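In what follows, a single structure is set out as structure tokens and then discussed.
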Amino acid sequence: MRVLLLLFLFTGLVFPLNYDEAIEKLTDSFNNKLETFRADVTQEVKMADMAEPQVLTGKITIKKPDKIMLEYTAPVKQDIISDGKTLWVYFKEQNQVIVQDVSGGENKDNIIFQLPKYLKFLKEKYVGSLKEEEKYEEKEAVLLEFVPKTEWEDFTRIKLWVDKENWLPFSTTVYVGESNCITVRFSNIKTNETAEDSVFDFKVPEGVEKITSLLQ
């Protein structure tokens, strides 16, 4: 009877998640369950020399392994598009497009949006830990934090909030020092909807000034 009672008590316990388990679930979701990812995007940029944060809003479509269509609609119209080989940054109001070859590896400037490359980047370059399990904006979530393995990384700290229901990120913050940070939040997330490859093949409109990225 005592053994049965102990078994009953243990089956009712909920053991806290650890970092390795969280990363395993996140990796499985990214690699095995995610083909496309669509969401509304809010990006908030805070800099020490800025009086107010800069907030951009728009929509994003991601298709594995490395295709991105990010359309900012406010406060300015700007498109960031990649077919995995070329990255285009199109400034509609300025009638300019920046073109960058990204076939040699990940583009760190937009690594936050490169699911699932973002997770691979974090696992390779940073040491992670699980900080919290709690509700975040009414979602059951976990907070993962990352610090760089070396002092040469661009980001000094990274926070990643993950929805525990579908194991997808919905908020991430990257820090450059302690005063400068960028936060990206995803909402109205939809996964595995059809996205044609042509969506990610940008055709430079006639008359648009083409600038080759100086980062190449």
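The values are calculated or read from the model by the stated rules, or taken from the named source; none is laboratory data. Note that this is a predicted model, so its numbers are computed, not measured. Glycine gets a Cβ as well: all are built from the backbone with ideal geometry, and neighbour counts include every protein chain shown.
When the range 159-216 is filtered for residues that are loosely packed, with under 14 Cβ neighbours inside 10 Å, of a type in the set (A, V, I, L, M, F, W, C) and out of contact with any strand residue (DSSP E or B) (no Cβ under 8 Å at 6 or more places or on another chain), only L214 remains.
As a summary of the residue check, P65 satisfies the conditions (1) part of a strand (DSSP E or B); (2) surrounded by fewer than 17 Cβ atoms within 10 Å (Cβ to Cβ); (3) within 18 Å of the chain's Cα centre (by Cα) except for the one numbered (1). Checked against the criterion of being surrounded by 13 or more Cβ atoms within 10 Å (Cβ to Cβ), touching a residue at least 40 places away in the same chain (Cβ under 8 Å) and either closer than 26 Å to T194 by Cα or within 19 Å of the chain's Cα centre (by Cα) (or both), the candidates L144, L122, L56 yield just one match: L144. Kindly establish whether E151 is loosely packed, with under 15 Cβ neighbours inside 10 Å, of a type in the set (D, E), modelled with pLDDT of 90 or more and out of contact with any strand residue (DSSP E or B) (no Cβ under 7 Å at 6 or more places or on another chain). When the stated conditions are applied, E151 does not pass them.
Do we find a residue being of a type in the set (K, R), in contact with an Asp or Glu (Cβ under 7 Å, 6 or more places away or on another chain) and closer than 24 Å to D79 by Cα anywhere in the range 39-57? So far as the range 39-57 goes, no, none of its residues is of a type in the set (K, R), in contact with an Asp or Glu (Cβ under 7 Å, 6 or more places away or on another chain) and closer than 24 Å to D79 by Cα. In summary, E71 fulfils each of the numbered conditions (1) under 20 Å from N188 (Cα atoms); (2) part of a loop (DSSP other than H, G, I, E, B); (3) in contact with an Asp or Glu (Cβ under 6 Å, 6 or more places away or on another chain) with the single exception of condition (2).
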